[in-house]
Every structure is written in C-alpha cells, then in structure tokens.
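Student: Pasting a structure here, questions to come.
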Amino acid sequence: MSSRDELLAHLRDLDLGRPVRVGIDGYCGAGKTTLARWLVAELGRAGRPALHVDSDGFHHVRERRYRQGRDSARGYYDDAYDLEALAERVLRPLGPGGDRTIAPAVHDLATDEVLTGRTVVVPEDAVVVFAATFVQRGPLRDLWEEVVWVDTDEPTATARGITRDAEALGGPEAAAAAYDARYQAACRTYVAEERPRERASIILDPEPDPSGT
C-alpha cells in the first residue's frame, strides 16, 4: 500500500513525455474526489501541471440514467456515467499519438444539458486526474497510466456517503436506503465483475475521516 505523500511524489516525478492519466477508484463515499482535488492542488504547488476532470461532467442525461428505475442498482452501474465519452473525449486524446485536446465536460448535471464544443489543450507534462466509481470497466481499463484504489472499506465509505449526500437525497434514512439499494449495490457488482482492487496499480491507505464517521 501507499500513503498519500508517496503517491504524490510518484506522480510528481512520473515523466512519459505526454500527459499522465490517473484514475481514482473505490467504493461510493471512499474519498475519491477529495483525493483527486488534493493531488491536483499539491502537484501544482510542486510545480507540476495538473488537472482534475470532474466526473459530474460525464454523466448521461437523466432519461438514460433512470431508464431502469431511480432505485435500480443495475441502472446506476449501466447508465450513470458516459464512459464512452470519457474514453473518446478525454483519455484517448491524452494517450500515445493524441493531440491533447479534451472536453472538460460533456454534460451539466444540474441542468441536464448536453455540452458540446468545449475543449481545452492539456500541457504535455500534465497529470490528469479523474475520480469515479467504475473507472476500470472494460473499455477504460487500458487507458490509464495509473489506477489508484482508495482502500476505504464499504461500511466506512457508506457512512461517509450518507453523511455527505443526506440533504440531496431527502435525509439520512432516505440516503441510507439509496446507498443500500442503488449505489453500493452497484459497487458490489463492479467489484465482483471487474475485481478493481486487484487490478489497480496503486492501493492507497485509507485516510482517517475527520468527521468521525
């Protein structure tokens, strides 16, 4: 396992002659986005260009996300994220022979608007970080230089997720039900089908939760 500081030093010094694509993986509520933001901030302080591509910008539209039902675990697994857009609009352009021109988002989660025409050119020496569940699903598996599994166990991740999402999901009880029926149920499918912890290139020690949950 690696600590956050060890991971930071590794990414800071990793030189491929092109952008480094880093996927942050783990259970819902594991702390993936927190880690991604920390890495990008610290890499910037160390003088290494870094970019966090927010997973909120790579959801499918609501009609697609909920076509199997708002409580469906399989629906979340199959339809939440636009993995094809992530591959074609971000990961492949950053890979060997790519032009480094990416779409920072293809969807606005708040308005449900499909976004087109937004692009940025990523510096040649940048570290690009994307944090989301399911980043090692089949077509994405070979498009990362590093995949970090945040080794927070499911009960701890669930407790954190419920605390974080209670207001948005209608209160703690509703959030707990949603995590049980949809979000962590989908994560269990992912773990069973893809074995993401075993496939990850880096296992990150879980960080203490300052909220005590």
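Student: Are any residues in segment 11-34 over 24 Å from Arg92 (Cβ atoms) and not in a loop (DSSP other than H, G, I, E, B), and if so, which ones?
Tutor: Residues satisfying the conditions are Arg12, Asp13, Thr34.
Student: Counting just the residues of segment 47-77 that are of a type in the set (Asp, Glu) and assigned to a helix (DSSP H, G or I), which one comes out most open to solvent (accessible area, probe 1.4 Å)?
Tutor: The extreme case among them is Glu63.
Student: Does Gly44 fit the bill of being within 23 Å of Gly95 (Cα to Cα), open to solvent by less than 50 Å² (accessible area, probe 1.4 Å), within 11 Å of the chain's Cα centre (by Cα) and at pLDDT 95 or above?
Tutor: When the stated conditions are applied, Gly44 does not pass them.
Student: Okay, next question. Residues of segment 100-142 being part of a loop (DSSP other than H, G, I, E, B), of a type outside the set (Ser, Thr, Tyr) and open to solvent by less than 10 Å² (accessible area, probe 1.4 Å), which ones?
Tutor: Selection gives Ala103, Val122, Ala126, Ala132, Phe134, Val135, Gln136.
Student: Going by the conditions given, is Gly97 crowded, with 16+ Cβ neighbours inside 10 Å and either in contact with a Leu (Cβ under 7 Å, 6 or more places away or on another chain) or at pLDDT 95 or above (or both)?
Tutor: Spelling it out, it is not the case that Gly97 is crowded, with 16+ Cβ neighbours inside 10 Å and either in contact with a Leu (Cβ under 7 Å, 6 or more places away or on another chain) or at pLDDT 95 or above (or both).
The values are calculated or read from the model by the stated rules, or taken from the named source; none is laboratory data. As the structure is a computational prediction, the values presented were derived from the model and not from experiment. Positions of Cβ are backbone-derived with ideal geometry, glycine not excepted, and every protein chain shown enters the neighbour counts. Ligands, DNA and RNA are stripped out before the accessible areas are found, and what is left, the full protein with its side chains, is counted by its heavy atoms. Shrake-Rupley method; radii C 1.70, N 1.55, O 1.52, S 1.80 Å.
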